[in-house]
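For reference, the structure is listed below as structure tokens.
Please treat every number below as a calculation from the coordinates, not as lab data. This one's a predicted model, so the numbers in the text were calculated from it and none came from an experiment. Cβ sites come from the backbone with ideal geometry, for glycine too, and all protein chains shown count toward neighbours.
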Amino acid sequence: MQKIVTVVGARPQFIKASVVSQAILADGHFSEVLVHTGQHFDSNMSAVFFSELGIPEPAYSLDIHGGQHGAMTGRMLAGIEEVLIRESPAAVLVYGDTNSTLAGALAAAKLHIPVAHVEAGLRSFNMRMPEEINRVLTDRVSRWLFAPTETACGHLAREGFAADSVFLVGDVMYDVALHFAERVSADGGRLGALGLSPRAYVLATVHRAENTDDPARLAVIVDALTKIAASTPVVWPLHPRTRGLLQSMGRLDSLENSIRLIEPLGYLDMVQLEKYAAVIATDSGGVQKEAFFYRVPCVTLRDETEWVELVAAGWNRLAPPVSVAAVCEAIAGAVGARGLAVEPYGDGKSASRIVGELASSLAG
């Protein structure tokens, strides 16, 4: 039986890996060795996802987190390289656009182990974003480019990738959403604990460096959400790094008086809050898609998004955090909004397509 090493490190990757790992197990062609870099290490950012999503315990936990991008990626590269030399897999599977993604892809490429990139071809065309650098470089060294959308395939074609390396498989996050959405309802759970009514609150998430590392942008987000919270409850699960930055800005204590700041959530709790929100305001690529999966209007707190099809369809709107008034207007305007009836992310069978292609390619 051939071996696949899967590299994950951040909560969006745990979500994606859950369905692909199940498909690998069901297919029977491969054994999977899971490597957790440790990029997200808090129990609410990591351990709870493994238990809720049924992901097998990692064979290797590298416990690498914190520090500058180069230092973190370098330590991951060294750690993953040791694992790959020891395991000698037929392929390495990476997800998305984090430092863990790039480190896994580079370590494999330098050892001449073919790389499979899930969520290939996404582009924001903003090379100031660490995520854009990670995804572009990962695509460049990958043998299998598993693209979630026609738009992503188009980007890869224009960049000169060979057609036989690009596969339109759909979005594995849609697989997960279909599998788990029915497990949550509007009764009880985190919704009940927070005393929230369905469709009567705004859910916010903020973690990207372009916002958190820019005090002016972060201040706009804080002021806009505070203003919204005067009339509509705002729930904000705080990424640990964002919490620390708000504390250093002296904004945390006052925020707690107006916004419901909570710790990062497990997957099912987050699904419940997403599914029943009136609006989701976020800078997360994954949350943008999940909002669409549950047909909840989304406001993206960025200058651009990789998920352009959602903006075109009217489910998502961009609100760069440079003006408090503009962000407030975008959030208020999204309440009750509906987009077009589109299905850009496939049919919920992306994971089986990925594993089937790997099995077919590696059999030869």
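Worth a mention:
- Kirkwood hydrodynamic radius over Cα pairs of segment 186-334, then Stokes diffusion coefficient at 10 °C and 1.306 mPa s, in µm²/s: 105
- Modelled spin-label separation between R143 and S197, with each label point placed 7 Å from Cα along the Cα-to-Cβ direction: 5.7 nm.
- Neighbour-count ranking [beta-carbon atoms within 10 angstrom, fewest first] of S88, S258: S88, S258
- Placing a label point 7 Å from the Cα of A332 along the Cα-to-Cβ direction, no residue of segment 288-312 has its backbone N under 15 Å from that point.
- Extending 7 Å from Cα along the Cβ direction at L340 and again at S361 yields two label points whose distance is 3.1 nm.
- (1) 21.7; (2) 23.1; (3) 20.8, with the label sought being that of the calculated Kirkwood radius over Cα pairs in Å: (3)
- Extended-chain gain in nm, criterion 0.36 nm per residue less alpha-carbon gap, S88 and L25: 20.8 nm
- Stretch gain in nm, segment I262-L318, where the contour uses 0.36 nm per residue and the Cα spacing is subtracted: 17.7 nm
- Relative exposure of I133, I64, judged by other C-beta atoms within 10 Å (fewest first): I133, I64
- Computed from the alpha carbon positions, the gyration tensor of segment 292-364 leads to an equivalent ellipsoid with semi-axes of 35, 14, 8 Å, biggest first.
- Extension reserve of the F125-T232 stretch, reckoned as 0.36 nm per residue once the Cα distance is removed: 35.1 nm
- Modelled spin labels at S51 and A181, positioned 7 Å past Cα toward Cβ, are 2.7 nm from each other.
- Cα-Cα over 28 Å, subset of K3/K110; K16/K275; K3/K289; K16/K227; K3/K275: K3/K289; K16/K227; K3/K275
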